[in-house]
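The structure under discussion appears below in the form of structure tokens.
The values are calculated or read from the model by the stated rules, or taken from the named source; none is laboratory data. Please read all numbers here as calculations on a predicted model, not as lab measurements. No Cβ is skipped: glycine too gets one built from the backbone with ideal geometry, and neighbour counts run over all protein chains shown. Just so you know, the surface numbers come from the protein's heavy atoms only, side chains and all, with ligands and any DNA or RNA stripped out. Shrake-Rupley method; radii C 1.70, N 1.55, O 1.52, S 1.80 Å.
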Amino acid sequence: MSDPLAIGVLGGGLMGSGIAEVCARAGHDVLLVEADASARDGGRDRVAASVSRAVERGKLTSSEAQQVLGRIRVGLDLDACADRDLVVEAVTEREDVKATVLARVDKVLADEALLASNTSSLPIMRLAAATSRPDRVIGLHFFNPVPVMPVVEVVTALTTSNDTLSRAEAFVRDSLGKHVVRASDRAGFVVNAMLVPYLLSAVRMLESGYATARDIDEGMRLGCGHPMGPLALCDLIGLDTVQAIAESMYAEYKEPLYAPPPLLQRMTDAGLLGRKSGRGFHPSPAAA
Ligand code: CAA
């Protein structure tokens, strides 16, 4: 694949908008496909807010920020991905939804194009099996906030070819400038396999009345030097996403440590999703 590439990003939520941004910042031409008209401006607004934060923090000039925005086109039609070299899906963390959009895009993509999923926890093999190109499907798992976190997990399914792996790794490392961590196709890959049990135990600790949300977070932040505590991190990731990842991991391993605690489910049911809804374990200054 030669730069600049034509990249498709499916879904403009927290992760999709971040992926679109880092691809555009690396000079690629990005088509961001949103699910419907009501979501049309959401992804673009998130990228605009993020690049203006990058300008405030001296990471981009105003003119670079304008160029980044100019490289991102928003559309509603998956068929418009026909000319893309690489499509990264970042739709909601549900296997049926991901498999449906991947199968649809697979039909219009050129033979040599790659399909990637940003799933946090679903088996890449099952997503690859929904397409006619299981050798050209790979997991590219980015971390939130995508423009800031310097690593991507690269996950191969049993069917992913070596050529796909080397093209995907070259893209992540040489073009996006992020570190590659290779992971096996097991729910949670490397990072979430360790992170999610930790997050869930913080929720259980709060649920049992053992400590307050503030004390749990301060304990880990100040006692272990983490940039944020586990409950604040749940708020950043989105409680619905943490719930969905825990469910996939529990379905795979049947280990109680991955079982989502009832409090997490109740909060998700209540729409208390963290930063994206304005309130989670902590109130957020503004929905982001
Ligand atoms: N673009 C570019 N750079 C940006 C930026 C943007 N939009 N916003 C912030 N930055 C940069 C800042 O310039 C700063 O860089 P320097 O240190 O070089 O100055 C750095 O990012 C930190 O920014 P801030 O000082 O504004 O913010 P902070 O210090 O409060 O850190 C945080 C915020 C980066 C979110 C930090 O709290 C953190 O690292 N938290 C942990 C995040 C984490 O664990 N993420 C993984 C979640 S798990 C996941 O995503 C996977 C999954 O499947 C669930």
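Here the contact order of the stretch 13-157, divided by its residue count and restricted to Cα pairs under 8 Å and six or more residues apart, works out to 23 percent.
Rounded to the nearest 20, the size of the Cβ-charge dipole of the chain about its Cα centre is 520 debye, with Lys and Arg at +1 and Asp and Glu at -1. In summary, the lysines within cross-link reach of Lys98, defined as a Cα separation below 18 angstrom excluding same-chain residues under 8 places away, comprise Lys107.
Probe of 1.4 angstrom, ligands and nucleic acids ignored: what's the accessible area per residue over the stretch 174-288, in square angstrom?
On the way: 5870 Å² over 115 residues.
Per residue, the stretch 174-288 has 51 Å² of solvent-accessible surface.
At a threshold of 8 angstrom on Cα-Cα distance, excluding pairs fewer than six apart, so keeping six or more, what relative contact order does the stretch 165-241 reach in percent?
Working: 40 pairs, mean separation 13.2, N = 77.
Taking the mean separation of contacting Cα pairs over the length of the stretch 165-241, I get 17 percent.
Which listed residue (Val33, Val68, Tyr198) has the Cα farthest towards the positive end of the charge dipole for the chain, taking +1 on Lys and Arg C-beta and -1 on Asp and Glu C-beta about the Cα centre? Of the listed residues, the answer is Tyr198. Comparing Gly18, His282, Val108 along the charge dipole axis of the chain, the residue lying farthest to the positive side is His282, per the Cβ-charge model. Using the Karplus relation 6.51 cos²θ - 1.76 cosθ + 1.60 with θ = phi - 60°, the per-residue 3J(HN,Hα) values for the stretch 128-133 come to 4, 5, 7, 10, 9, 10 Hz, with x marking Gly and Pro. Note on the chain: helix-only mean residue ellipticity at 222 nm, from DSSP H runs of 4+ residues weighted -39500 (n - 2.57) and normalised by residue number, equals -13000 deg cm²/dmol. Of the heavy-atom accessible surface of the stretch 6-183 (probe 1.4 angstrom), what whole percent is carbon and sulfur? Whole-percent figure for carbon plus sulfur exposure: 51. Computed about its Cα centre, the charge dipole of the stretch 20-85 is approximately 400 debye, with only Lys, Arg, Asp and Glu carrying charge at their Cβ. Sequence-ordered 3J(HN,Hα) estimates for the stretch 86-98 from the Karplus curve with 6.51, -1.76 and 1.60 and θ = phi - 60° stand at 9, 10, 10, 8, 9, 7, 4, 6, 10, 4, 5, 5, 5 Hz, glycine and proline given as x.
For the chain, the residue among Leu222, Met267, Cys81 whose Cα projects farthest onto the positive side of the dipole built from Cβ charges is Leu222. Dividing the convex hull volume of the alpha carbon atoms of the stretch 1-89 by its residue count gives 79 Å³ per residue. Angle, helix 213-224 long axis vs. longest principal axis of the chain, Cα atoms, 0 to 90°, nearest 10? It works out to around 70 degrees.
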